[in-house]
Structure formats: C-alpha cells, structure tokens
Amino acid sequence: MAKIKNLARKYDFAKVIKGNGKGRKAGALNLGVQASQNDTLLFLDVEARLESDFMDKVSLLDCDAIAFKLKVREKFKNQLERSYSAMTEFSMRSLFRGRSKLGLPIFPNGSSLLLKKEVLKKIGEFKEGSMAEDLEIGIRLFLSGIKVTYIQDPLIYTLSPPNVQSLVSQLSRWAYGSGELFSESFYMLGKGLRGIEGFLYVNQWGLYILPFFVLGVDLLIAPLVSPLPFIVSLLIYVSLSIPTIYVNRNANLSYGLPFYWALLKGYIKGLLHSKYEWKVTPKSEVRNAN
C-alpha cells in the first residue's frame, strides 16, 4: 500500500481508496466508481501497462464502452508463458476482433475496460460478490442495448501466470464465473440470433467440456446400440479441438488434463453456486521495465 501511495503522489494520477474489503473485486471497483469525479472510467489490472500515447488516443474515441486488445508483454522464460501468449493472441483475434467484425456482442475483460460513468448509472454498478464481474456487466450491457466497441489500437499489455498451478486456478475461477451466470445469461436467448450466440459465449467454459460428456455417454451405450454415435461425436470433438491444438502445438500435452479438470469443476460449482474461495492469480516476474 505504501508503494502505491508513493506512486500516486509522484505521478499525480490516482487517489488511493481504502475500503472494507466487501464484494470481492466488484466491491473494490464500485468504491473507485463512487470516488471518481470523471465522466470516463478506465479499469485495469495491477500488472497492466499502457503505451506512452494511450491517453492521447483514447481521448479521441467517443464510445459508451470499449474493450481493448490485450497483449502479453514478457520475454518468455518457459513454454507455458509462450503458450499463454499464443492463447491470448488467438482469443483476441477470434473472440474479440472476429466477433466484432461479425457484429456479435463483445463481452469485455475486466483488465482492459473503459466505461462512461453515465452508462454505469444507467445499468447499475458492478455486481458485488460476482466471481466474473466483467462477464456479468457485459451481459447487462448487451441486454440494455449498449454497444461495447473493440479497439486494437491502443492496446494494453498484461502478464502471464508463472506456472501451471496458477493458470489452472485462473481457469477454474473463469469457469466458475461462467457457470454462476447461467441464469442471467438465459435472458439473452430472447434477443434473437445475437443473443443466442452471446448465451453460448458466456457459457463457453461449459461447452469446452461438453464433448467429454458426449463421448463418455456414447462410449457406454455404443456397444449396446451402435458405434455410429460414438464415431460421429469423436469426429466433432476432434474438429472442435483443432484450433486449440494448433495454438498449443508446441506445448506440453500434460497440461491438458489439469486444464479440463479445472474447467469441469469450476463450471459445475458455478452452476450449483457452491462455495468457492477467490484466489488472486500471481503473474510472472517482470524482467524488463518497458
């Protein structure tokens, strides 16, 4: 805290606010929103770094909500960090840039989000206690008809988790947040094709593990009925896995099992609203001051 206060005094860019620690990350964000006197609010993670002309470029934009491109800023020391960087690039191209070009709803990352204060007044502040407060507010933005614009320039630099255990914990939390919001995302189904696609996006962590259930059921019933359903399910699963295999073609295949297990546990716990301990994901040590 002392280090943050010193930085705030040195650069005159922030006011340090000490709250009561309620509401998880969303509670802290709401404290900042309430204390802010500005019309435009930028939400970043603590490890985020901005380009030198970031604020100049942002000042030229006139959007109610903006999701920025994330880029891992490390000189990588291991395969996990290289794979995480590739996964981040892939998600930015497909889940953000590609969906933006198709006119599909954009669900912002809480680590790279700009909102007009009047938008928060319209839809309400961040939902305190939510495990995935960024995904939750993305649902409300869509249901309220507020467009989230995806911007590639300027971008925001982030860091990779330092090890498999940290990444598994992060994936589990994301999956929990997805399952926790199933009922909220259900309302999107009434908004036409874009709403249906948005519903699938919100529940993507459950969809990643769905093929395993299908394969398991098919494996049990195939000998009793016909092997055809199992063969078809296997082909579908392989086709869905191709993008992931390509992105992680140089990764250690032993990562796969703990990742999928984390998604399975997290998503099901979220669906059931089971008790879940929030763990802050540590990030790799910065080796360059850039």
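The values are calculated or read from the model by the stated rules, or taken from the named source; none is laboratory data. The model shown is predicted, which means the values in this text are computed figures rather than measured ones. Here the Cβ is made from the backbone with ideal geometry for all residues, glycine too, and neighbour counts use every protein chain on show. Only protein heavy atoms, including side chains, enter the accessible area calculation; ligands, DNA and RNA are left aside. Shrake-Rupley method; radii C 1.70, N 1.55, O 1.52, S 1.80 Å.
Restricting attention to the range 101-115, the residues being more than 16 Å from the chain's Cα centre (by Cα) and either surrounded by fewer than 18 Cβ atoms within 10 Å (Cβ to Cβ) or assigned to a loop (DSSP other than H, G, I, E, B) (or both) number 4.
Exactly one residue out of GLY124, GLY129, GLY110 is closer than 15 Å to ALA28 by Cβ and out of contact with any Asp or Glu (no Cβ under 7 Å at 6 or more places or on another chain), and it is GLY129. Could you grab me the full set of residues in the range 156-165 that are open to solvent by 20 Å² or more (accessible area, probe 1.4 Å) and in contact (Cβ under 8 Å) with a residue 40 or more places away in the chain? The answer is TYR157, PRO162, ASN163, VAL164. In this structure, ASP56 does satisfy being modelled with pLDDT of 85 or more, open to solvent by 70 Å² or more (accessible area, probe 1.4 Å) and more than 27 Å from LEU104 (Cα to Cα). Can you tell me which residue in the range 116-128 is most open to solvent (accessible area, probe 1.4 Å), limited to those that are part of a helix (DSSP H, G or I) and among the hydrophobic types (A, V, I, L, M, F, W, C)? Among them, the one singled out is ILE123.
For the range 85-123, the set of residues classified as within 25 Å of GLU74 (Cβ to Cβ) and of a type in the set (D, E, K, R) consists of GLU89, ARG93, ARG97, listed by residue number.
For the range 166-184, state whether one or more residues are free of Cβ contacts under 8 Å to residues at least 60 places away in the same chain and assigned to a helix (DSSP H, G or I). Yes, that holds for at least one residue.
Only a single criterion out of (1) touching a helix residue (DSSP H, G or I) at 6+ places or on another chain (Cβ under 7 Å); (2) open to solvent by 20 Å² or more (accessible area, probe 1.4 Å); (3) within 17 Å of LYS147 (Cβ to Cβ); (4) not charged (D, E, K, R) is not satisfied by ALA86, namely (3).
Residue by residue, here is whether (1) under 11 Å from ALA65 (Cβ atoms); (2) of a type in the set (Asp, Glu) holds:
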{"residue": "SER100", "(1), (2)": "no, no"}
{"residue": "GLY110", "(1), (2)": "no, no"}
{"residue": "LEU113", "(1), (2)": "yes, no"}
{"residue": "LEU120", "(1), (2)": "yes, no"}
{"residue": "GLY124", "(1), (2)": "no, no"}
{"residue": "GLU133", "(1), (2)": "no, yes"}
{"residue": "ILE137", "(1), (2)": "yes, no"}
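MET131 meets each of the listed conditions (1) outside any helix (DSSP H, G or I); (2) surrounded by fewer than 22 Cβ atoms within 10 Å (Cβ to Cβ); (3) hydrophobic (A, V, I, L, M, F, W, C) apart from (2). Contact map, the range 94-108: first residue within 10 Å of ARG194 (Cβ to Cβ), second residue among the aromatic types (Phe, Trp, Tyr), Cβ cut-off under 6 Å, separation 6 or more or different chains; pairs are PRO105/PHE142.
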